[in-house]
Structure formats: C-alpha cells, structure tokens
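The values are calculated or read from the model by the stated rules, or taken from the named source; none is laboratory data. This one's a predicted model, so the numbers in the text were calculated from it and none came from an experiment. Here the Cβ positions follow ideal geometry from the backbone for every residue, glycine too, while neighbour counts run over all protein chains shown. When the accessible area is computed, the model is the full protein with side chains, heavy atoms only, and any ligands, DNA or RNA have been set aside. Shrake-Rupley method; radii C 1.70, N 1.55, O 1.52, S 1.80 Å.
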Amino acid sequence: LDQFRKACILAFYEFHQFPGHHSWLRIGRVTRMAYRIGLDRLDHIRLLYPDWSLVSDEDIQEWRALWWCIYRLDTYSNLALGTPYLIDDTVINTFFNFSETKSASQGILLPPNLDDLSELLPVITSDPETMLDNIHNITIATMRQAGSVLRMHLLRWQAGIPAQLAKVERQLTTLRVALPPGWLNPRRNAFSNETPVDHHARLITVFHLRMAQLLVSLVDCGQRRADDWVSCWQQILETCQDIAALAGQWDSAFCLTVDPAITFTIFTTLIFLDLHRKSGPLLDDSLRSSIDHDITVLHLQLKHFGTIWTQARLLTCKFFLARPIIT
C-alpha cells in the first residue's frame, strides 16, 4: 500500500510539475499496475482471494481511494492529450468510499452504462463526510463521457456521434437537476455553513460539469449545418461565461488544496473567449468589455496556479503565444 501510494504521488507530481511524454507514460504504468493487482475489481476479488480477504477494512478504504485517484489521473492525462482512456468505465467493480457510519450499508459502483449517475446521488449525499469526493468521481465520469464524444468527432467517426451526444446531454441535464440545492452556485453557501475549503472542492465539481458542457457544445457546433451554427456558437460563449463566473469566486489561497489539472479547463475557456472576442460584428461594445473582463479573471487564476505548478505556467505561455496566430 505504501509503495503504491508513492507511485501515485510521483505520477501526480510529474504530470503537473514536469508535463510531457514521460509523465503521461508514468500515469499509464501506474494505471496498468492497478489493473494487474485488481484495484478495478477490488470488491469482487476480496471474495475470491485469501490475500485480499485478510486486508483490514481501513486499508481497503485506502486502496479504494488510490483507485479513484488513478481514475482521475487517467481522465486528466488522456483528455488533455486526446488519447483513449486506459480505464474502462463500464467494468469497474470497486466501491465508492464511505465513512465508518455508512460502511455497513450497500456499496455503490459506477453504473455499467453510465446512464444512471444521478441515481447514485441520494446515497452519496446522505454521507456528508465523503460526499464531495464521491460527487467528484461522478462529475469526472461525466467529463470523461464528453471527452470520448469529442474524440469521436475529431476522428471523423460520424455514425455514433448523435446518439452519444444526446446521451451525454441527458446525463448533464439530470445531474444538474439532481444535485443538492445550491450546488451550482459559484458563491460560498454561507447559510449552510459551507467552509472555504469545501466551497472550493465543490467549485471543482462544477468546473467539471461546465467543461463537459463546453466539450459537448463544441461537438454539437461541428455537427450543425451552417444556418444553425450561430446559435451553437452562442452556447459555447454561455458556457465560457459560466466558467469565468466560477473563476471570479476563486481564492488563490486554495490552489494547493485542489487538483491543478483544472487549469486545462481554464486554458480551453480562455482560447474560446479570445475567439469570441475576435468575432467582430457579432459583438457590441458591452459584450466585448464583458469578455475582456472574463479573460482577465481566468488569466489571473491561471497565473495563481502557475506560481506553484509548471503545467499552469506552460499553459499561460501557450495562450499568449497562440493569440497573435489566431488574430
């Protein structure tokens, strides 16, 4: 367990501090190691193999936490590079983690077809201690789906795109409605005594949902006819504005408490806001000024992460190098 923790920490650190080919390969090796020892089916092999059946419940919780950490690393690294995920979401037999008060209850798994993620929320929200981590897993799963559809679009595999696109859009709709009241609110929920740490952890899950919506809108835009294109381009702007509103509530003191891979969402939003700003006659002065403000806010958030992580600094440089080319 300690050795595997070290492997995960090193993979996480290299991905954010020394991004590139080698860090991507390291995450791939850790993922395959997890498959080799059965972390993807942990709650099945415990019933079959004596070595695993003797492991304490406390250590099993730690092994589960490692698996879901690897799940996130697999998502971020492959979504950023446009490569297929190594983890197959449809055949995971490892429970979400719950606190000791809930440990006796029936464990929950990702549904095989990922159509019923919202149905997991009542059980997840009944355990406040683990609620944020488990909702994080669900929003990551939704973002993975959106990333898969985008990859289909980039590979020109047209046959299955409309059905998959509709599936992800339905998933996003049901999740937004099923999440607890106020979950999508970018501000801290003071009346519910939400702590600043919990507020920023919640914001990350909303970033995931907004990023998934942005990816879906991009694919939808590519599928539309010329006469429908403007309305879809407007939807991309709406989503970018929603992401900027989240960034407007960010406190840089919490950049070390969340996964810095969120900077990929910030970077993507900056690119499309900049494209909108350059769209000429479609914008009036008021909207152009609003977009300029959103770009400033997102850029500052990216710079805050850049004071800690190399990855964010490289994305900041890449954005400013790309802008003259786009012009």
Inset, instruction - Treating cross-link reach as a plain straight distance, find the aspartates and glutamates whose alpha-carbon is under 19 Å from the alpha-carbon of K167, omitting any fewer than eight places away in the same chain. - result: D88, D89, D115, D116, E119, D220
Inset, instruction - Report, to the nearest whole %, how much of the accessible area of the chain belongs to carbon and sulfur atoms, 1.4 Å probe, protein only. - result: 58 percent
Inset, instruction - Kindly express, to the nearest 10 degrees and within the range 0 to 90, the angle between helix 229-247's C-alpha long axis and the longest C-alpha principal axis of the chain. - result: 60 degrees
Legend entry - Net charge of Cβ neighbours under 14 Å - reference Y71; Lys, Arg +1; Asp, Glu -1: -1
Legend entry - Length gained when the stretch T195-L1 is fully extended (0.36 nm per residue, less Cα-Cα span): 66.7 nm
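Solvent-accessible area per residue for region 126-285 at a 1.4 Å probe radius, Å²? Display every interim value, and only then the final one.
Values: 7030 Å² over 160 residues.
Ligands and nucleic acids excluded, the result is 44 Å² per residue.
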Inset, instruction - Largest first and in whole Å, give the semi-axes of the chain's equivalent ellipsoid, each being the square root of 5 times a Cα gyration tensor eigenvalue. - result: 34, 21, 21
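To the nearest 500 deg cm²/dmol, what mean residue ellipticity at 222 nm is calculated for the chain from DSSP H runs of n ≥ 4 alone, each contributing -39,500 (n - 2.57), summed and divided by the residues?
So the helix-based figure for the chain works out to -22000 deg cm²/dmol.
Quick check: from the Cα gyration tensor, does region 105-147 come out rounded (a/c under 1.5), prolate or oblate?
Values: a/c = 2.50, a/b = 1.51, b/c = 1.66.
Since a/c reaches 1.5 but b/c is at least a/b, the shape of region 105-147 is classed as oblate.
Tell me the volume per residue, in Å³, of the convex hull enclosing the alpha carbons of region 170-222. Before the final figure, lay out each step's value.
Numbers: hull volume 3.6 nm³, N = 53.
Per residue, the Cα convex hull of region 170-222 comes to 68 Å³.
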Inset, instruction - Report the residue, chosen from L121, L302, L209, that carries the largest GNM mean-square fluctuation when the chain is represented by alpha-carbon nodes joined by springs under 10 Å. - result: L121
Legend entry - In Å², nearest 10: area of I308 left accessible to a 1.4 Å probe: 50 Å²
